[in-house]
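**Q** One structure, pasted below without further comment.
Every read-out reported here was derived from the displayed coordinates using simple, explicitly stated rules and does not represent laboratory data. Every value quoted in this text rests on a predicted model; they were computed, and no experiment measured them. A quick note on method: Cβ atoms are made from the backbone with ideal geometry, for glycine too, and the neighbour counts reach across all protein chains shown.
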Amino acid sequence: MSTAPLVAVPAAAAAVPRHVAIIMDGNGRWAKQRHLPRFAGHKAGVDAVRRVTRAARALGIEALTLYAFSSENWRRPEEEVADLMGLLRIFIRGDIDELVRENVRLRVIGDHSRLAPDLVAMVDAAVARTAANTGPILAIALNYGAQAELAAAARRLAERLAPHEIDEAAIEAELDTRDLPPLDLLIRTSGEHRLSNFLLWQAAYAELLFVDTLWPDFDAEALGAAVAAFGRRQRRYGGL
Ligand code: FPP
């Protein structure tokens, strides 16, 4: 006998997070498991960036912020830093046409001052090419550190405002993410349970999700599962 319901019950409208941020961790371990150099893990990580960016668009996520290079990542061996910067160049050069075509608005957050001038020029040109787009935002955090972001915001506000004028809204308006929707969901892959100086202010009321999947294995299905988990969370913002 069929167990199908006699009356079709419409699925409840699933809550889709407007803004998802991801700490893409585990590239090195992914490579190690395969006896490959760390570079291979980062390269596979870029493939995951492409997959997940497309999946986020398909799910209707308005903004996706990816932690590509932290202000602490300069501590890695010179060769690995160069590899990561090289992969970023390849990504920007190779994927910008698709981003333009797909109506994506590219943003880059973080401190540009330490980046190579040619990379900054490339990033600026890519961001400019998508500036007239109206679709989802892809924000790449590059030489980003939340504490430095907050300190810079505080410095700018102190130059302009009296102490009593500095409130939460004034600080928000100075953050690199000021044009993005509020952060709803922050995911970290690879089983580590840390925020590692990523979006510390913005994460105040975000749902946090730590998954064991290594970043190069993260795919559309994993993002869908994360969004479904978000939909099951009850957000109370300090209320009952
Ligand atoms: C963490 O893995 C990952 C990074 C520090 C870099 C993330 C960068 C990419 C995925 C590629 C570039 C991004 C874009 C947007 C093109 P890990 O090396 O710390 O891994 P481990 O903890 O297993 O060693």
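**Q** Dipole magnitude of segment 91-240 about its Cα centre, charges +1 at Lys/Arg Cβ and -1 at Asp/Glu Cβ only, in debye to the nearest 20? List each step's numbers first, then the result.
**A** Values: 16 positive and 23 negative charges, 46 e Å.
Its charge dipole is roughly 220 debye.
**Q** Right, next: Can you give me the distance in nm between label points at R89 and R114, each placed 7 Å from the Cα along the Cα-to-Cβ direction?
**A** It works out to 1.9 nm between the two label points.
**Q** Starting with the fewest neighbours, write out R38, R188, R160, R89 ranked by other beta-carbon atoms found within 10 Å of each beta-carbon. All intermediate terms of the calculation are to be shown ahead of the outcome.
**A** On the way: R38 19, R188 23, R160 11, R89 15.
In increasing order of surrounding Cβ atoms, one gets R160, R89, R38, R188.
**Q** Let me ask another. Going 7 Å from the Cα of R235 in the Cα-to-Cβ direction, what parts of segment 62-77 have a backbone nitrogen less than 15 Å from that spot?
**A** Within reach of a label on R235: 62-65.
**Q** What nm distance separates the two modelled labels at L36 and V81, each placed 7 Å from Cα along Cα→Cβ?
**A** 2.5 nm
**Q** Give me S113, S190 sorted ascending by neighbouring Cβ count inside 10 Å, so fewest comes first. Working shown, then result.
**A** Values: S113 7, S190 21.
Fewest-to-most Cβ neighbours within 10 Å comes out as S113, S190.
**Q** Using a/c under 1.5 as the rounded threshold, could you call the chain rounded, prolate or oblate? The axes a ≥ b ≥ c are square roots of the C-alpha gyration tensor eigenvalues, and prolate needs a/b larger than b/c, oblate otherwise.
**A** On the way: a/c = 1.60, a/b = 1.16, b/c = 1.38.
Here the chain falls in the oblate category.
**Q** Turning to a different aspect of this structure: Which listed residue (L161, A141, L186) has the Cα farthest towards the positive end of the charge dipole for the chain, taking +1 on Lys and Arg C-beta and -1 on Asp and Glu C-beta about the Cα centre?
**A** L186
**Q** For A228 and E165 in the same chain, what is the full-extension length gain: residue separation times 0.36 nm, less their Cα-Cα distance, in nm?
**A** Details: separation 63, 0.36 × 63 = 22.68 nm, distance 4.02 nm.
My answer for the length gained is 18.7 nm.
**Q** How do T65, T130 rank when sorted from fewest to most other Cβ atoms within 10 Å of their own Cβ? Walk me through the numbers on the way to the answer.
**A** Values: T65 26, T130 19.
With the fewest neighbours first, T65, T130 line up as T130, T65.
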